[in-house]
1. When only residues in the stretch 716-765 that are closer than 17 Å to residue 668 by Cβ and part of a loop (DSSP other than H, G, I, E, B) count, which is nearest to the chain's Cα centre (by Cα)?
2. Assuming residue 316 fulfils every condition listed in (1) surrounded by 18 or more Cβ atoms within 10 Å (Cβ to Cβ); (2) over 24 Å from residue 127 (Cβ atoms); (3) out of contact with any helix residue (DSSP H, G or I) (no Cβ under 7 Å at 6 or more places or on another chain) apart from one, which condition is it?
3. Would a scan of the stretch 615-631 turn up a residue that is surrounded by 22 or more Cβ atoms within 10 Å (Cβ to Cβ), at pLDDT 95 or above and either out of contact with any helix residue (DSSP H, G or I) (no Cβ under 9 Å at 6 or more places or on another chain) or assigned to a strand (DSSP E or B) (or both)?
4. Please go through the stretch 99-134 and give me each residue that is in a loop (DSSP other than H, G, I, E, B) and more than 19 Å from residue 228 (Cβ to Cβ), ordered by number.
5. So residue 568 clears everything in (1) in contact with a helix residue (DSSP H, G or I) (Cβ under 7 Å, 6 or more places away or on another chain); (2) within 22 Å of residue 445 (Cα to Cα); (3) crowded, with 18+ Cβ neighbours inside 10 Å except one condition, right? Which one?
6. Residue under question is residue 593, and the condition is that it be outside the structural domain of residue 423 (by TED's automatic domain parsing) and either surrounded by fewer than 19 Cβ atoms within 10 Å (Cβ to Cβ) or under 21 Å from the mean Cα position of the chain (by Cα) (or both); does it hold?
7. Yes or no: residue 464 surrounded by 22 or more Cβ atoms within 10 Å (Cβ to Cβ), outside any loop (DSSP other than H, G, I, E, B) and assigned by TED's automatic domain parsing to the domain that holds residue 563?
8. Checking the structure you have, find out if any residue of the stretch 343-359 is within 25 Å of residue 131 (Cα to Cα), at pLDDT 95 or above and surrounded by fewer than 23 Cβ atoms within 10 Å (Cβ to Cβ).
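The values are calculated or read from the model by the stated rules, or taken from the named source; none is laboratory data. From a predicted model like this one, the values you see are computed outputs, not experimental measurements. Note: ideal-geometry Cβ built from the backbone for every residue, glycine included; neighbour counts use all protein chains shown.
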């Protein structure tokens, strides 16, 4: 209580006397009082205590200083390191800059933080954010690839490592995880998410948030997570980035909102707006999703940041008449922090003076941002994240690199393996061919943060060399990724003829997926397919193994026919070459499963497993029957379904047992299955639990994932895998509310979504 009174006494000092103080002395006194409150409570303060401190600080802030906390600008990077423009330094000195992105390294962030603390009237520390998406220095598989592991513990660990590295270089905040459901492989940003399924994305969301934020945000090695993009971004029309989204409340509530609700429940501290409009209202000006759903319905108390220049974009959307109007709409919608648009800086103060917005809106935004800074402990120690000694000891730790290697292996999906083409043998001679064999630039993928694209990355060539002698590797590039030049074909064919097996490393460059990388053609670039065809023609009797590096599902209908094995490696990260080699040579038995469907052709897109049945479903015994919901030139089925992934061994599912065939509203159904490893390798299997609500007031998908477990089974052994299902797992949004209805449900446990139900239970109410 004494400290509170002292603080209150300071802030009510006569304004003239305060102005007469030297700025440094005022900042010192203010800092001492704030720090004393924090230190005496070991900064494990309650929300009420933090709110009291924030309110005290806000009470002495000018309107301009409050607005300053809502403004975020980017630093730049040149050959010597991060730089900040003189204009941004002026804003910072005037208290008109609350956060920065794209500035990192312990040295630079400390310099800027010291300026913010020592050279501004109130000494409020800066918040430093960055796109730490799938690693910071040590890069893990791209998010879609890592989701293929279905290993939430490993995903959480990767985020923990990323937080350790990023925080050591002064970063407080990451713009991750991306929780957009991705059903359209044309959309490049499917690479940044967890795929097409709600349940899997929910689990992955929680894992990333726990990894980034840890158990205590005031620790020096945790960073704020950010759930993005709110909401519906993955449903952009035609798979074209930034495009329009229209959907009913049914689809919004049942598919696109749940991962974000899971993020709120997991304690995520920030949200990011989506670029798209939703049903005619751009997200960045959408009261319904931010005020009604996020704040009031879900009770989210963290802060909301725009995506890059999203406020300005309300004008070309046709939603705001000019940038001033855009700033008004955004702050009224509940957007706290303006990333890069400059609209808040230019117009909020004027909007207040004109009576178009209430000061309370700015107070609320400022309060939420300051609260995050308190939670991070930045008022207690503004420099604790910027520690050069810790930085040097943290980045690229050997255990981090080993973890990245393991994740790369765990995330690689064996799509095809005819006649045991894999694993490779150490006494075999391998023709190693393709534009990505020796690649170190693309292998770490898009959004690779501060990852080293040349020095640290391990190529597939390097990985295979760790298993084979030089004499057992016959290398030929063969072709480039996209350039239509066949001059390297003859060398590739010559090397292939001398080898026991042909291993191809092909796919996309990292610019071909990610943000602003939508594609209408999702095939491998034509020149690469032509090389495969030439090899198959000239060397017809040798096995061809295709290793893919890419950021989205591809149309592999041609490659499926002319190769013997296909390993989907995605962009596997810094130690991807070692991890992929571990799979190729059987050190790690592949266990990954697809989190997203691979179509037979672009004409099937969007395609996903949990579709609805229509009134004219295709009969199982007659897939070509006329006047049914099918194509006349292709099966409805995908090339590789959601949940698909092979192993070097075989797993047999049998003896599915339900604890009961009838459950009540408060009951739990236990369902189990026996899984036996019938092959010759020890390995992991991912058992997947699916249900189907046969009759409902709103039609339900033909299959819905409701659980999964990753288990290890030695060859010749079996295990009982058990799941619990409650009525919460059966709920859906019916247009008005989330409900559960009585009736019959189908249920199954399988290693893929490609199965037919054979068991049922009934819910009675």
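1. By that ranking, first place goes to 731.
2. Every listed condition holds for residue 316 apart from (1).
3. Pass one, the stretch 615-631, residues surrounded by 22 or more Cβ atoms within 10 Å (Cβ to Cβ): none.
Checked the stretch 615-631: no residue is surrounded by 22 or more Cβ atoms within 10 Å (Cβ to Cβ), at pLDDT 95 or above and either out of contact with any helix residue (DSSP H, G or I) (no Cβ under 9 Å at 6 or more places or on another chain) or assigned to a strand (DSSP E or B) (or both).
4. Taking the stretch 99-134 as the starting set, the residues that turn out to be in a loop (DSSP other than H, G, I, E, B) are 102-105, 119-126, 131-134.
Listed by number, the residues that qualify are 103, 104, 105, 119, 120, 121, 122, 123, 124, 125, 126.
5. (1)
6. On the way: outside the structural domain of residue 423 (by TED's automatic domain parsing): no; either surrounded by fewer than 19 Cβ atoms within 10 Å (Cβ to Cβ) or under 21 Å from the mean Cα position of the chain (by Cα) (or both): yes.
For residue 593, the condition - outside the structural domain of residue 423 (by TED's automatic domain parsing) and either surrounded by fewer than 19 Cβ atoms within 10 Å (Cβ to Cβ) or under 21 Å from the mean Cα position of the chain (by Cα) (or both) - is not met.
7. Working: surrounded by 22 or more Cβ atoms within 10 Å (Cβ to Cβ): yes; outside any loop (DSSP other than H, G, I, E, B): yes; assigned by TED's automatic domain parsing to the domain that holds residue 563: yes.
Here the answer is yes, as residue 464 does meet what is asked.
8. Here is the first cut: in the stretch 343-359, the ones within 25 Å of residue 131 (Cα to Cα) are 343-345.
Cutting the leftovers down to at pLDDT 95 or above gives us 343-345.
Within this subset, residues satisfying the condition of being surrounded by fewer than 23 Cβ atoms within 10 Å (Cβ to Cβ) are 345.
Yes - at least one qualifying residue is present in the stretch 343-359.
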